[in-house]
Amino acid sequence: MAKPKTLAEHLECHDVSRRGFLKFCALTTSMMALPPAMVPTVARALEKARRPSVIWLSFQECTGCTESLTRSHSPTIENLILNYLSLDYHHTLQAASGDAAEQAREAAMAENHGKYLVAVDGSIPVKDGGVYSTIAGISNLEMLKHTVEGAAAVIAIGSCAAFGGLPHAHPNPTGAVPVQDLVLDKPVVNVSGCPPIPVVISGVLAHYLTFGRIPDLDGYGRPRSFFGTSIHDRCYRRPYYNKGLFAETFDDEGAKNGWCLFKLGCKGPTTYNACATVKWNQGTSFPIQAGHGCIGCSEPRFWDAGGFYQPLSAGIGGVGTLGGVAVVAGAAAGTAAAAFILGMTYRILQTYFLGRAKNLAEPRGSQWLHGMKTIWWRSFFHPGMTIRGYFTIISGYTFHLGFIITLLFFDQHIELFKSWTGLSWPALPPLVITVTAVLGIAALVAVLVDRFADPVRYLLSDYQDYLCWVLTVLPLVTGLLLVYKIWLPYTTLLVVHILSFEMLLVAIPFTKLSHVFTIFIARWYNGAIAGYKGVQS
Amino acid sequence: MIASANTDRQPLLFNAKPILNEIRHGLDRLLSGDDATVIDLQRIPFAVDDERYLRDALGDGEVNATINALGKSTVQETGVAGVWWVTHYDAAGSVLGKFIEVTIIPEVLKSQHQDIVRGLGKLSARLASDPPMTTAEE
């Protein structure tokens, strides 16, 4: 006997009455989070629905997502949906194993090319060629790429598949990435959550079954019908939040009275999911109803987003990790800025009070105008500069420009300047900044090597020269490590980067680095002398 | 108010009253001949006492029906005529869906066209296959 083609025929074979079908449609509509008025539309669509083939791939995961679905609270409807889908490969659930299992997958792909659904739970390790997770000798990366080739759509089930989840958490030893980073040419639905709510998983499958397409998605690729509102917006404790009534500890009067858990670290305001309405364990309860704040498990990078018990108002990263050191770095910033300003004032006054002999000659031109002109035009290249070759000129320009451009045109630096002064200007693209920083470092390394190689320069160099070199290169190097999250934890790098710049600021007034300021005075002075004499400087 | 009151005595409510108002509007529409209103209770956030409050407010009515189709379903008219609780269960008795319907009679309670056609066919087949009956007259 040929397999039934449409869902209506399938149900008829199982002797399900029209009344039973109506009940099925009412529950499926509810499962898809569509309004009850949609039931007739859903019924019409389901009558004609065709049986889709589903290939379920389990990668770096804990099987919690499969547990969530198969222990779902609506067995009859689930069974109908699951029985109706042709689940052609799921290595935890299928009877076949080894080669036979892999052959089932290949056969389903060939038979339903362009029409089958791929469900993925778990993230995919890509480091070292993806060797950290393999099935039947095939790396997850390879299996995913091969399997999605003929897929109609991909459903990433759980936070690992959707956003990388636990395997992706710092320090991400396997280089785990989510499905959406690898599958770029097929629609990807992210059903996040750790685990996702079972009804949300089956709701997405039901949606595809009913309408033959994936549901509307939010900015993170999640179905809007389930992830459209925050936990906070739908929380029954919201009225307490609005009144400013909070539990301060887990055993105080507020906690007993069921007040808002915001201050105890509830992530409800920044978490989008259906827990507050659909609830868990056959609609019995959900974490907030049980007295614990939401941990935000359906949001990207929730493992690294600070403590579960840290209020959102404390800021991501919290006072715990970054906090102590950041406070020190922040206080040091004030000290460094003070040292810089006072030091520079001292140096300028010192220079001014050196005094200069009164010029008895008749002035033949303007001091001011010529001085200003000299400041400007000496910044540019002129032939006289290359008498001793091009090396110093080119490397000198490169590291000066590299440093200044990186300092002034990196978007996060501009944000910082803006927060201090209110002034801002357009940033350069991050890639350009990376190039300027790398060129700056390369040029600094080149001048250092040259200094060691050239016996005269080597002899002339003293402790201060090397100190200045180290202080200049450090902010560039630590900044690069920070932006690309290399070697040390992000927060540590951030603090090191801030401190490196503070050290530079403190050193500027008291070393040769003071030229960042005095160069303008010196140039003006030179220009002014020439201007007074009426000659070119 | 909530801060000072002992909340052990006071029910914790969130959406019960808005739903009662929605039902009130649904009844107005039903009386003026408009469509039925169906409220999917599993898609509305409830506090712990909301459902009990709704049940108390609506009370029990005159009709109680049980349907056996893809598991059990109960259809109960509330004390407010035209307002029905429709609850679907699975074979194990777990609740799959909870609805309040504001209607003259819930759709699922009516006999369905396809089922009637199938029933008629079954009856006709039965009559056709039965041996001719001997009647008292013969």
Subset of segment A:1-47 [exposed (fewer than 14 other Cβ atoms within 10 Å of the Cβ) and within 26 Å of residue B:36 (Cα to Cα)]: A:35, A:37, A:40, A:44
Search segment A:149-163 for residues that are under 11 Å from residue A:177 (Cβ atoms) and open to solvent by 10 Å² or more (accessible area, probe 1.4 Å) and pair each with any residue that is among the charged types (D, E, K, R) and part of a strand (DSSP E or B) when their beta-carbon atoms are under 7 Å apart and the residues are at least 6 apart or on different chains. A:160/A:121
Picking from B:56, B:28, B:34, B:50, which residue would you name as being in contact with a helix residue (DSSP H, G or I) (Cβ under 8 Å, 6 or more places away or on another chain) and acidic (Asp, Glu)? B:50
Looking only at segment A:435-458, how many residues end up being open to solvent by 30 Å² or more (accessible area, probe 1.4 Å) and polar (S, T, N, Q)? 0
Scanning segment B:26-67 residue by residue, the ones that are aromatic (Phe, Trp, Tyr) and within 12 Å of chain A (Cβ to nearest Cβ) total 1
Within segment A:165-209, the residues that are of a type in the set (Ser, Thr, Tyr) and open to solvent by 10 Å² or more (accessible area, probe 1.4 Å) are A:174, A:208
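Where in segment A:227-300 are the helices (runs of 4 or more DSSP H), entirely inside, with at least 1 residues that are surrounded by fewer than 16 Cβ atoms within 10 Å (Cβ to Cβ)? Even if it seems obvious, please write down each step before you answer.
Numbers: elements: A:238-243, A:253-256, A:275-278.
Passing ranges, in order: A:238-243, A:253-256.
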Hits in segment A:421-445 (condition: outside any loop (DSSP other than H, G, I, E, B) and farther than 22 Å from residue A:471 by Cβ): A:421, A:430, A:431, A:432, A:435
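Go through segment A:401-419 and give me each residue that's among the polar types (S, T, N, Q) and open to solvent by less than 60 Å² (accessible area, probe 1.4 Å).
Result: A:406, single match.
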Residue selected from segment A:248-282 under the condition touching a strand residue (DSSP E or B) at 6+ places or on another chain (Cβ under 7 Å) and more than 17 Å from residue A:307 (Cβ to Cβ), by the criterion farthest from the other protein chains (Cβ to nearest Cβ): A:272
Do any residues in segment A:297-313 that are farther than 9 Å from residue A:264 by Cα have Cβ atoms under 6 Å from those of residues that are crowded, with 16+ Cβ neighbours inside 10 Å and at pLDDT below 90, where the two are at least six apart or on different chains, and which pairs are they? A:306/A:317; A:306/A:318; A:307/A:318
Out of everything in segment A:341-371 that is among the basic types (Lys, Arg) and in contact (Cβ under 8 Å) with a residue 40 or more places away in the chain, what residue ends up being surrounded by the fewest Cβ atoms within 10 Å (Cβ to Cβ)? A:364
Looking at the structure I just gave you, is residue A:482 part of a helix (DSSP H, G or I) and either at pLDDT below 90 or of a type in the set (Gly, Ala, Ser) (or both)? yes
Is it the case that residue B:11 is open to solvent by 40 Å² or more (accessible area, probe 1.4 Å) and outside any strand (DSSP E or B)? yes
Got a number for residues in segment B:50-95 being touching a His at 6+ places or on another chain (Cβ under 9 Å), on the phi < 0 side of the Ramachandran plot and assigned to a loop (DSSP other than H, G, I, E, B)? 2
Output for segment B:71-115, where each listed residue is polar (S, T, N, Q) and within 7 Å of chain A (Cβ to nearest Cβ): B:73, B:94, B:112, B:114
Quick one: which residue in B:54, B:70, B:31, B:41 is farther than 30 Å from residue A:258 by Cα and buried (at least 17 other Cβ atoms within 10 Å of the Cβ)? B:70
Please state which of the following conditions residue A:498 fails to meet, knowing it meets all the rest: (1) modelled with pLDDT under 90; (2) farther than 28 Å from residue A:431 by Cβ; (3) buried (at least 19 other Cβ atoms within 10 Å of the Cβ). (2)
Criterion first (open to solvent by less than 10 Å² (accessible area, probe 1.4 Å), farther than 30 Å from residue A:277 by Cα and in contact with a strand residue (DSSP E or B) (Cβ under 9 Å, 6 or more places away or on another chain)) does residue A:124 satisfy it? yes
Consider residue A:244 carefully, then state whether it is at pLDDT below 90 and not β-branched (Val, Ile, Thr). yes
With (1) of a type outside the set (A, V, I, L, M, F, W, C); (2) open to solvent by 10 Å² or more (accessible area, probe 1.4 Å); (3) in contact (Cβ under 8 Å) with a residue 24 or more places away in the chain; (4) out of contact with any Gly (no Cβ under 7 Å at 6 or more places or on another chain) as the list, and residue A:97 as the residue in question, which single condition is left unmet? (3)
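Take segment A:177-191 and flag every residue that is assigned to a loop (DSSP other than H, G, I, E, B) and either assigned by TED's automatic domain parsing to the domain that holds residue A:57 or within 18 Å of residue A:142 (Cβ to Cβ) (or both).
Within segment A:177-191, A:178, A:183, A:184, A:185, A:186 qualify.
The values are calculated or read from the model by the stated rules, or taken from the named source; none is laboratory data. Because the structure is a prediction, the values reported are computed rather than measured. Quick reminder, even Gly has a Cβ in these numbers, built from the backbone with ideal geometry, and neighbours come from all protein chains shown. All accessible areas refer to the heavy atoms of the entire protein, side chains included, with ligands and DNA or RNA removed. Shrake-Rupley method; radii C 1.70, N 1.55, O 1.52, S 1.80 Å.
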